[in-house]
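Asker: I have a structure here, written as structure tokens, and I will follow up with some questions on it.
Just so it is clear, none of the values below were taken in a lab; they were calculated from the coordinates. Just so we're clear, the structure is a prediction, and the values are computed from it rather than from any experiment. All Cβ positions, even for glycine, are placed from backbone atoms using ideal geometry, and neighbour counts span all protein chains on display.
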Amino acid sequence: MTSPTPAKAQERSPALRISDLTKSYGDMMAVRGVSLDLAPGGILALLGPSGCGKTTILRMIAGFAEPDGGSIVLHDRDITNLPPEKRNAAMVFQSYALFPHMTVAENVGYGLKIRKMAKAEIETRVANALKLVRLDAFAHRYPSELSGGQQQRTALARAVATEPDLLLLDEPFGALDQNLREAMQIELRKLQETLGLATVIVTHDQQEAMILADRIAVVNQGRIEQLSPPAELYDHPRTAFVAEFMGVENILDADCDGDGVTLGGSRLPVGRGTPGPCRIAVRAEAFTFVDGVGVPGRIAYATNLGGRVLYEVTLSDGQMVKVSEQRAPGRATRATGDAVTLQAAPDSITVLERAA
Amino acid sequence: MRQTPVLWLIWPLVAVMAVFFLALLRFADVSLLHQIPGTAMFEGPRHLGNYADTFASPLARQALLDTLVLSLEITALTILAGYPLAYLMARSPSDVLRNAIFFTLIVTFLSGGITRAYAWMLVLGTTGPVNGLIQAMGFERVRLINNQFGVVISIVHFILPFFVLTLLGAIKNIPATLEEAARSHGASRWEAFRTVTLPLSVPGLVSASLLAFTLAISSFLFPLLLGGGRVQMFANLIYDRIQSSFDMPTAAAMAMIFLIFALIPIALLNLIRGRLSRRFGGTRR
């Protein structure tokens, strides 16, 4: 598959365009001016801690919450004030919300029956949707007779059977155990690619967002802090919040001077950042122990993680740095109190934006 | 070892239940005796004459039939009035509305039967506000009490809190996300209710209706006070039998017959409920 040329990509209007969406509950501003675009066939993850407003954004897209301001446009159709049933955006709920009094087949055919489709047509579509999620053998079971993963797949089949313009997923894997969750995530990604469905997924799990999404919006206190492809978000978080949320171990105070960063009295070569005090984000595995020039420190604690050793290193200015080193056979673990010198590749050091 | 105290604790309950059951058995026993004429006493030998007499009496047969039909009507009206109230209480986003309904029902619940019966007399009487309104609109006054209408409306009012509060729990137990799921898959508010919430509430609806029917069929006070002697429900007939002729054995026989007839619809509804809970039984919600 060839990727579309930039000019062509610009021609295609986004599947979903959200502009300046706001919502408050009483005095609490749940969502404050959120704007984003979703390309046709793309998956966008709304990632953030609980209470950050990500679910409220999803519920506004679905039509279950009324925005105070802003607009939601789905395929050039303004759906901001439409009732949920007129939006053609199918939602998969965290609890799956399967209808307990209907069989799997009846659940999956629900949206088609509501649309008064012919019986034969419903049967064909239900059979196809069930085949897609490998539940053909379970068509006549009731939801209570299914495992968690099967319930999840039923909910997914029910959502895609209506061929919606937009698929909405609210923490869809929250109730599954770890192994099943990973299997289901990959399965969902494949399904989504096969059907080319524009999808918005809400999650608090950064790994899940990384696996599923082609773009991730990190939401904090009702605002989008960063909207980037997963790799960029992982490598170059823009704010301390995003860095912490993406699991960056070291967020350190340093001094920027335009073409370098001074950390613990020693300079590291980084070509970014406006001069002045700044904060930098560096992953534990990005630091290496070197013999030459670098940031001096002392080992404060060592934890053997099996394949790696995690060191806590105290710098001369008192800051604590986490350093993860591959454990090589024959090499002794560094001892507490050892003097070490740290170095990191310029690429792996991210100068964070100053807090707004 | 750990079961011992639990088993022991059940005996006081069994004793209390036994007292009530023995009272019923004594009543059944009395129904087989016959009155010593001119007294309130009764004597043997035991026979089924009182039952045969009751079945032979057109008055008793008519009252039994009327009571069953009227109770079913009252139950139906209670469902019509009570379901929307229970649904609103379970689902309305407005605290004010939910609390208003709850408060009204609880006040109804707590005010005694006599109070309410006389309140209805005032409200529905020929000089009451309802008739005032009817007259103001240019119609003739209507008789709203001392007939079936007054009895039915007062009994529905009496039963409504029991019905609504029973059904409320059942509707609340149906996750609201099910309706949201229905709507996000294309169902309107009404379709979501009709295809999801309504069928899922049927077991609770049957329980609540069972309670309503039981309360309706055992009505005594409201027919007495608001029926004007024209509405003879079976409990009133039994009461009259004791009051007018002190004929306890015949009254007891009538009560036993009434009990059996009252149990038939209850057993039927229970059977339906049993089937439904088997259908919905395994659900994890």
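Asker: Partner chain Cβ atoms within 10 Å, averaged over the residues of B:187-194 - can you pull that number for me?
Answerer: If you average over the peptide's residues, the count of other-chain Cβ atoms is 3.
Asker: Return a whole-number percent for the relative contact order of the stretch B:59-284, with Cα pairs under 8 Å and 6 or more residues apart as the contact set.
Answerer: That works out to 27 percent.
Asker: Sketch the reach of a paramagnetic label on A:ASN304 as a point 7 Å from Cα along Cα-to-Cβ, and name the residues of the stretch A:316-356 whose backbone nitrogen lies under 16 Å away.
Answerer: A:325-336
Asker: Does the protein assembly as shown come out rounded, prolate or oblate, given a ≥ b ≥ c as the square roots of the eigenvalues of its C-alpha gyration tensor, rounded meaning a/c under 1.5 and, failing that, prolate meaning a/b above b/c?
Answerer: Taking the square roots of the gyration eigenvalues as a ≥ b ≥ c, the protein assembly as shown is prolate.
Asker: Moving on to the next point. What residue among B:ILE106, B:ILE74, B:ILE159 shows peak mean-square fluctuation when chain B is described by a Gaussian network model with Cα springs under 10 Å?
Answerer: Per the Cα network of chain B with a 10 Å cutoff, B:ILE106 tops the list.
Asker: Just subtract the alpha-carbon distance of A:ASP214 and A:GLU232 from 0.36 nm times their residue separation and send over the number in nm, one decimal.
Answerer: Residue separation times 0.36 nm, minus the Cα-Cα distance, leaves 5.4 nm.
Asker: Ratio of alpha-carbon Rg to the 2.2 N^0.38 Å globular estimate for the stretch B:170-275, to two decimals, please.
Answerer: 1.62
Asker: In addition: For labels at A:MET29 and B:THR39 in the simple 7 Å Cα→Cβ model, what's the distance in nm?
Answerer: 9.1
Asker: Shape call for the stretch B:59-284 from the C-alpha gyration tensor, a ≥ b ≥ c root eigenvalues: rounded (a/c under 1.5), prolate (a/b greater than b/c) or oblate?
Answerer: Here the stretch B:59-284 falls in the oblate category.
Asker: What is the sum of charges around B:ALA251, taking Lys and Arg as +1, Asp and Glu as -1, for the other residues whose C-beta is under 13 Å from the C-beta of B:ALA251?
Answerer: -2
Asker: Given B:ALA15, B:ALA81, A:PRO275, which one lies farthest toward the positive end of the charge dipole of the protein assembly as shown, if we put +1 on the Cβ of every Lys and Arg and -1 on the Cβ of every Asp and Glu?
Answerer: Projecting each Cα onto the dipole axis, the largest value belongs to B:ALA15.
Asker: Follow-up. Comparing B:THR197, B:THR177, B:THR104, which has the greatest mean-square fluctuation in the GNM of chain B with Cα pairs linked when under 10 Å apart?
Answerer: Checking each option, the largest mean-square fluctuation is seen for B:THR177.
Asker: Going Cα to Cα from A:LYS119, which lysines come in below 20 Å? Please leave out same-chain ones fewer than 8 positions away.
Answerer: A:LYS131
Asker: Let me ask you something else. Give me the dipole magnitude in Debye, nearest 20, for the stretch A:1-123 about the Cα centre, with unit charges on the beta carbon: positive for Lys and Arg, negative for Asp and Glu.
Answerer: 180
Asker: Can I ask one more? Name the longest site-free stretch of chain A, where the excluded sites are trypsin sites (Lys or Arg not before Pro) in a DSSP loop with no more than 16 other beta-carbon atoms within 10 Å.
Answerer: A:142-271
Asker: Just counting partner chain Cβ atoms within 10 Å, what average do the residues of peptide A:98-104 show around their Cβ?
Answerer: So the per-residue partner count for this stretch is 6.
Asker: Taking the Cα of B:PHE246, stepping 7 Å toward and past its beta carbon, and measuring to each backbone N in the stretch B:7-42: which are under 11 Å?
Answerer: Label zone hits: B:36-42.
Asker: What is the list of residues in the stretch A:63-98 whose amide nitrogen lies under 14 Å from a point 7 angstrom out from the Cα of A:ASP20, following Cα to Cβ?
Answerer: Residues A:68-72 fall inside that zone.
Asker: Summing -39500 (n - 2.57) over the DSSP H runs of n ≥ 4 in the protein assembly as shown and dividing by its residue number, what mean residue ellipticity at 222 nm do you reach, to the nearest 500 deg cm²/dmol?
Answerer: So the helix-based figure for the protein assembly as shown works out to -15000 deg cm²/dmol.
Asker: With springs connecting C-alpha atoms under 10 Å apart, model chain B as a Gaussian network and identify which of B:LEU68, B:LEU59, B:LEU105 has the largest mean-square fluctuation.
Answerer: For chain B, modelled as a Gaussian network with Cα springs under 10 Å, the answer is B:LEU59.
Asker: Subtracting the Cα-Cα distance from 0.36 nm times the residue separation, let me have the gained length for B:LEU268 to B:SER57 in nm, one decimal.
Answerer: That pair, B:LEU268 and B:SER57, stretches by 73.3 nm at full extension.
Asker: Given R₀ = 41 Å, FRET efficiency for B:PHE21-B:SER92 by Cβ-Cβ distance, to 0.05?
Answerer: 0.40
Asker: So how far apart, in nm, are the two label points at A:ALA137 and B:PHE102 if each is 7 Å from Cα heading toward Cβ?
Answerer: Distance between label points: 4.9 nm.
Asker: While we're on this one: Could you give the size of the charge dipole of the protein assembly as shown about its Cα centre, using +1 on the Cβ of each K and R and -1 on the Cβ of each D and E, expressed in debye and rounded to the nearest 20?
Answerer: Rounded to the nearest 20 debye, it is 1720 debye.
Asker: Now a separate question. Determine the dipole magnitude for the stretch A:230-356: charges of +1 sit on the beta-carbon of Lys and Arg, -1 on that of Asp and Glu, nothing else is charged, the reference point is the Cα centre, and the result goes in debye to the nearest 20.
Answerer: Roughly 300 debye for the stretch A:230-356.
Asker: Loop only by DSSP, 16 or fewer other Cβ within 10 Å of the Cβ. Give me the trypsin sites (Lys or Arg not before Pro) in the stretch B:1-60 that pass, ordered by residue number.
Answerer: Answer by residue number: B:ARG2, B:ARG46.
Asker: According to the square roots a ≥ b ≥ c of the eigenvalues of the Cα gyration tensor, what is the shape class of the stretch B:142-214, taking rounded for a/c under 1.5, prolate for a/b larger than b/c otherwise, and oblate for the remainder?
Answerer: It is prolate, given that a/c is not under 1.5 and a/b is the larger ratio.
Asker: Add +1 for every Lys or Arg and -1 for every Asp or Glu among the other residues with Cβ under 10 Å from the Cβ of A:GLY222, and state the total.
Answerer: With Lys, Arg at +1 and Asp, Glu at -1, the net is +4.
Asker: Sticking with this structure for a sec: Less than 10 Å Cβ to Cβ from A:VAL34, Lys/Arg counted +1 and Asp/Glu -1: what total charge do the surrounding residues give?
Answerer: +3
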